[in-house]
Amino acid sequence: MEIANAKLILDILQQESSTFNDFRTIELAEFINEYPEHSHTIISSLEPHRAVKTLKFLDLKLQKKLIHTLPSNKVAELMQNMHFDDRTALLSELTSESVKKLVLFLPHDDRVETLALLGYPEDSVGRLMNPDYIEVKEHYTIQEILNKIRKYGRTIENINFIYIVDENEKLIDDINLKEILIASPDTIIGSIMDRKYLALHVNDDQETATSIFRKNNRAVLPVIDDGGILLGIVTIDDILRVESEEATEDIQKIGGTEALDEPYMNTPLFELIKKRAGWLVILFLGEMLTATAMGFFEDEISRAVVLALFIPLIISSGGNSGSQASTLIIRAMALGEINFKDWWRVMRREILSGLALGSILGLIGFLRIAIWSQFTPIYGPHWLLLGITVAITLLGVVLWGTLSGSMLPLLLKKMGADPATSSAPFVATMVDVTGLVIYFLVASLLLRGTLL
């Protein structure tokens with residue numbers, strides 16, 4: 001945050017003043033995240049609704065610490081003033097014993113609803129849902145709807161849409177608040193309905209919900225069950241939080257590590273090592289196959305030592321192309337741009353890309369050998385064949401790398417696994433081994449009778 005604001009807050013703390021309510025929520029949250037030692041004092045002094053808003057922007061670890069250290073009356077105040085979705089998100093991160101204690105601070109109806117939300121699968125839409133919304137019947141007039149909004153709207157998180165349900169609470173339409181405001185007060189809501197609406201299912205995966213929000217440019221969507229009964233709403237702020245968490249998790253997995261449960265600086269050193277060690281060991285064991293492959297072609301290397309000069313070039317080119325492809329495909333899948341049924345279209349594009357990229361690198365590799373051979377005898381009298389060998393190998397290795405990197409995430413998704421686990425290092429390791437095999441097979445075919 002700005003230095004001037006930080007100094008001002010520090011001055012207020014020293015004066016034991018209670019004017020923190022004059023600051024914007026985001027300013028207080030940034031200050032507390034930077035100076036967590038003052039979190040207890042600031043949150044305790046804020047008005048209930050300001051304290052809840054500030055708490056929402058704090059690191060999760062700090063939120064949990066405050067919930068456990070604040071006085072009981074303040075905790076009760078915070079819990080009771082939280083929206084259902086924010087409360088569920090916080091309680092989801094606590095132990096069952098903590099949850100049991102905290103829900104006792106809630107009124108009976110809120111307690112039942114909160115426990116019901118916590119009963120949905122961890123990564124489902126049900127965990128994001130807020131059961132507070134404005135619902136009406138289709139015989140309501142616009143004036144009756146406006147009266148209901150005035151009566152209940154202040155305590156409801158989002159009233160951008162009004163939901164029309166039948167006598168069995170089944171959702172039949174949703175109407176934008178704008179349409180209600182511009183309609184005549186005596187208009188029956190049923191007369192302006194088109195009975196077309198977009199809704200999430202309570203058991204949908206959160207990633208699915210994120211994709212639906214993005215594609216339809218919506219800020220809020222209703223949630224229904226198998227029978228079409230309206231259960232709640234999901235708002236864009238929760239979707240953005242989920243998307244941020246999912247993107248962070250995918251990036252960490254693509255980098256060849258397990259996803260961290262907390263921010264990097266809050267993760268204990270031992271936990272950080274444990275998250276990284278597993279993949280490093282797997283990748284190390286995979287790279288040992290590279291040594292095995294080189295041992296298999298030991299005779300070829302001993303007879304033509306010059307071949308060894310290009311091994312780093314070959315395996316790095318294949319690994320890099322595979323890493324590029326896997327990163328592009330994983331992100332495209334996360335954004336909902338492609339899925340498994342698009343595998344053939346993806347393969348065709350990657351075949352063409354692999355051939356083009358491989359040709360470019362192959363040409364550069366050949367020119368490098370050809371030009372150097374005019375000034376040094378390092379590549380011997382058969383430099384032309386050697387250059388062709390390197391060029392063809394690069395074409396094959398890059399093509400294989402792009403195909404492997406693009407198809408593996410799709411295959412893992414089809415098998416129900418996380419595509420991000422086909423991380424760039426994993427693909428690179430796999431292509432390293434196969435790249436060596438391709439290199440020496442091409443060399444044995446083209447250089448037999450000359451260098452081999």
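The values are calculated or read from the model by the stated rules, or taken from the named source; none is laboratory data. Keep in mind that this is a model prediction, so the values were computed, not measured. We place every Cβ from the backbone using ideal geometry, glycine too, and count neighbours over all the protein chains shown.
Things to note:
- Among residues of segment 124-147, those that are part of a helix (DSSP H, G or I) and not assigned by TED's automatic domain parsing to the domain that holds E179, counted: 3
- Of all the numbered requirements in (1) part of a loop (DSSP other than H, G, I, E, B); (2) within 24 Å of A391 (Cβ to Cβ), A293 misses one, and that requirement is (1).
One line per residue, one yes/no per condition, for (1) at positive phi; (2) buried (at least 16 other Cβ atoms within 10 Å of the Cβ); (3) at pLDDT below 75:
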{"site": "L221", "(1), (2), (3)": "no, yes, no"}
{"site": "D225", "(1), (2), (3)": "no, no, no"}
{"site": "L231", "(1), (2), (3)": "no, yes, no"}
{"site": "D238", "(1), (2), (3)": "no, yes, no"}
{"site": "Q252", "(1), (2), (3)": "no, yes, no"}
{"site": "G286", "(1), (2), (3)": "no, yes, yes"}
{"site": "S302", "(1), (2), (3)": "no, no, yes"}
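- Which listed residue, of G278, G232, G227, is part of a helix (DSSP H, G or I) and over 19 Å from the mean Cα position of the chain (by Cα): G278
Every residue, every condition in (1) in contact (Cβ under 8 Å) with a residue 12 or more places away in the chain; (2) closer than 30 Å to L410 by Cα, yes or no:
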residue	(1), (2)
F284	no, yes
F310	yes, no
I314	yes, yes
A325	yes, yes
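Rundown of residues vs (1) touching a residue at least 40 places away in the same chain (Cβ under 8 Å); (2) within 30 Å of the chain's Cα centre (by Cα); (3) surrounded by 15 or more Cβ atoms within 10 Å (Cβ to Cβ), yes/no style:
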position: P131; (1), (2), (3): yes, yes, yes
position: E138; (1), (2), (3): yes, no, yes
position: L146; (1), (2), (3): no, no, yes
position: N158; (1), (2), (3): yes, yes, yes
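- Failed condition for G322, given (1) at pLDDT 80 or above; (2) farther than 20 Å from W400 by Cα; (3) not aliphatic (A, V, I, L, M): (2)
- Residues satisfying the stated conditions in segment 238-260, i.e. hydrophobic (A, V, I, L, M, F, W, C) and in a helix (DSSP H, G or I): I239, L240, V242, A247, I251, I254
- Residue check for T389: polar (S, T, N, Q) and part of a helix (DSSP H, G or I): yes
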